[in-house]
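Okay, so here's the structure we're looking at.
The values are calculated or read from the model by the stated rules, or taken from the named source; none is laboratory data. Remember, predicted model here, so these are calculated numbers, not experimental data. Here Cβ is always computed from backbone atoms with ideal geometry, including for glycine, and neighbour counts include all displayed protein chains.
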Amino acid sequence: MTSEPPDLDHFDLDDAWRLGAALAERCRDEGLPVTISIRMGEQRVFHAALPGTSADNDSWVDRKSRVVRRFACSSLEVHDRYAQGDPDRFFATFALAASEYAPAGGAVPIRVRGTLVGVLAVSGLESTEDHELAVSALRAAKTQVESRDASPRTAGEERHRRQP
């Protein structure tokens, strides 16, 4: 099977911004025509539509994200388990509308210590490429967070992190 997204130690709005911005910059540098969406709960906390995308990609990231939130696993895993070769079977089995759900690769769960806290979704490439792009972005973000957490902070940074 394809690679799985990593489990994180924490994920907040600042982490979402850093993740989305880094992924958008990478995709821009590589000339990838993708739309990127990050959701935490019901709130969209990051969205970027790069050159070559359209409103259809917005719909795809929304529908893939719903799959992750409903099934608590990647949209590619749902595709492989329930829709491969016969997507209509997926919609009939779960009584879901194709206008609301898309069992196709590209949306992955964002987990903090095993708990689903959000979804990173990508649309614009082939299904497995969307998935791998999202997983690699989460892995890079985990590495950055771990290295940032390991470095000493100044008193001002500590004070800022403790304020509500």
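Report, by residue number, each residue of region 56-104 that is under 11 Å from Val119 (Cα atoms) and not in a helix (DSSP H, G or I).
Within region 56-104, Ala72, Cys73, Ser74 meet the criteria.
Going through region 104-116 one residue at a time, which ones are more than 14 Å from the chain's Cα centre (by Cα) and in contact (Cβ under 8 Å) with a residue 12 or more places away in the chain?
Residues satisfying the conditions are Arg113, Gly114.
Scan region 105-126 for residues that are in a loop (DSSP other than H, G, I, E, B) and either of a type in the set (A, V, I, L, M, F, W, C) or surrounded by fewer than 24 Cβ atoms within 10 Å (Cβ to Cβ) (or both) and report the count.
5
Would a scan of region 22-41 turn up a residue that is of a type in the set (Gly, Ala, Ser), more than 26 Å from Asp149 (Cα to Cα), modelled with pLDDT of 95 or more and surrounded by 19 or more Cβ atoms within 10 Å (Cβ to Cβ)?
no
Among what's in region 5-53 and is aliphatic (A, V, I, L, M) and assigned to a loop (DSSP other than H, G, I, E, B), pick the residue that is nearest to the chain's Cα centre (by Cα).
Applying the filter and picking the extreme gives Val34.
Tell me, yes or no, whether region 79-94 has at least one residue that is of a type in the set (Ser, Thr, Tyr), out of contact with any strand residue (DSSP E or B) (no Cβ under 9 Å at 6 or more places or on another chain) and more than 23 Å from Ser3 (Cβ to Cβ).
Yes: one or more hits.
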